[in-house]
Amino acid sequence: QAGVQFTSASALWFAENPDARTICVTGTKGKSTVTALIAHILRNSGRCVALAGNIGMSLLDLANPPRVPDWWVIELSSFQTRDFEGAPTIAVITNLYEEHLDWHGSRENYVADKLAIGKHAQCLIVAAQPKLLDLTAGHSDRRVFGMPQGWHVDGEWICRGAVRVLRLADVPLPGLHNAHNVCACLAVIDAAGLDSAQLAKYVASFRALPHRLQSLGQRGDLEYVNDSIATTPYATVEALRAYAGRDVVVLVGGFDRGVDWEVFVEYVRRQPPRAIVTMGANGARIAAALAGVEMPGFMLESVGSLNEAVARARAIAASGGVVLMSPGAPSFDAYRDYAQRGHEFARLAGFDGELAQIEGLGIA
């Protein structure tokens, strides 16, 4: 009302750098991994790359660099894309699920804010999600990963069309969702005009980011896995898929955004883990939804805090099993952010050392 204009660091940077060659990545999940892996592949190809944005370094911290990067690889959250007016060379949308509705106000606003990244992009790369395909159909240079014509997963291989390129066994990231993340990265390398099939070998040397299905190791006869970045039920389902066949106790719950947990309830009804321990502000609501499952194949426990959840999981886990913290909800009911929650889980599990940090931020 006073005529004050509000903007963001990202919007300011793009206004000041209209000619920069940029690869901008957003999506509900997977955007940090995709952003970091793109930078890793490009650097191994001999390019100078800036890695910045929502992944952990503000673009304004890289103003007036001593060397102009060949590519700027930038992660953008839905908060940053809301007022986004940049024109990326390549824009990527990894996937689109329900998230951050408490901030955006509605599902429609959230979707619109995410899609803004592609409005002025020269090339737009999207996942083969039906809704995402419908919403981006009008883009003049749209490319899709996850379909047989392009980069996709087929059995134990990541393929480009009919050509097998990379074995899943050589991908240092667990889960089918991460194989799709690799497909997104290789589609970007294509769009950048490079030989993606040749450069795919560098995926094998990528180090997984912390707090993302991060195996902390063994304590006693149990494996502890930190998936604190999982802030939607969809992410927790993918985590359980990654550990299919293992005896899993999964810890879920946190800040209550009012998100529907039906997708999680349906998955554990069909593919039950050993046990589910609910916790945090929405733990009771999740437990109530799970209580409606007829003849459940899982044990159900409900506690208040992460401390209690770890103790309960340790008590009921089977020898040789997995204690998986994949909350499916934000951390703000008890912690500053997902990283602080992940560090606390590691401490409670008996891993007191500092967890690895995201490597490669900045220009290299």
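The values are calculated or read from the model by the stated rules, or taken from the named source; none is laboratory data. Everything numeric here is computed off the predicted structure, so don't read it as measured data. Ideal geometry is used to build each Cβ from the backbone, glycine not excepted, and the neighbour counts take in all protein chains shown. What goes into the accessible areas is simple: the full protein's heavy atoms, side chains included, and nothing from ligands, DNA or RNA. Shrake-Rupley method; radii C 1.70, N 1.55, O 1.52, S 1.80 Å.
Worth pointing out:
- Lys, Arg +1 and Asp, Glu -1 on Cβ, resulting dipole of the range 191-244 about Cα centre, debye, nearest 20: 100
- Most mobile listed residue (A204, A349, A39) in the chain, GNM with C-alpha springs under 10 Å: A204
- Dipole magnitude for the range 1-145: about 440 debye, using +1 per Lys or Arg Cβ and -1 per Asp or Glu Cβ, origin at the Cα centre.
- In terms of the mean number of neighbouring beta-carbon atoms within 10 Å, the peptides 115-122, 212-219, 231-238 order highest first as 231-238, 115-122, 212-219.
- Rounded percent of accessible protein surface that carbon and sulfur make up, the range 19-88, 1.4 Å probe: 44
- Rolling a 1.4 Å probe across all protein chains gives W151 an accessible area of roughly 10 Å².
- Space enclosed by the convex hull of the alpha-carbon atoms of the range 20-151, per residue, Å³: 111
- Rounded, prolate or oblate (a/c below 1.5 giving rounded, otherwise prolate when a/b exceeds b/c) for the range 222-305 by Cα gyration tensor: rounded
- Considering only alpha-carbon pairs that sit under 8 angstrom and 6 or more positions apart, the relative contact order computed for the range 175-273 is 23 percent.
- Each other residue within a Cβ distance under 13 Å of A187 adds +1 if Lys or Arg and -1 if Asp or Glu, for a net charge of +1.
- Label zone (N44, point 7 Å along Cα-to-C-beta; backbone nitrogen cut-off 19 Å) within the range 208-237: 208-210.
- Net charge dipole size for the range 275-364 [Lys, Arg +1 and Asp, Glu -1 on Cβ; Debye, nearest 20]: 140
- Beta bridges per DSSP with both ends in the range 21-104, % antiparallel, nearest 5: 5
- Remark: accessible surface ordering of V263, V182 (largest first) is V263, V182, probe radius 1.4 Å.
- Relative contact order of the chain, defined on C-alpha pairs under 8 angstrom at six or more residues apart (%): 16
- For the range 261-323: rounded, prolate or oblate by the Cα gyration tensor [a/c cutoff 1.5]: oblate
- Cα pair distances in the chain, grouped into 20 Å bins until the bin that holds the longest one, percent each: 29, 58, 13, 0
- Ranked order, I363, I286, I229 - accessible area, probe 1.4 Å, largest first: I363, I229, I286
- Percent of beta bridges antiparallel (DSSP, the chain, rounded to nearest 5): 30
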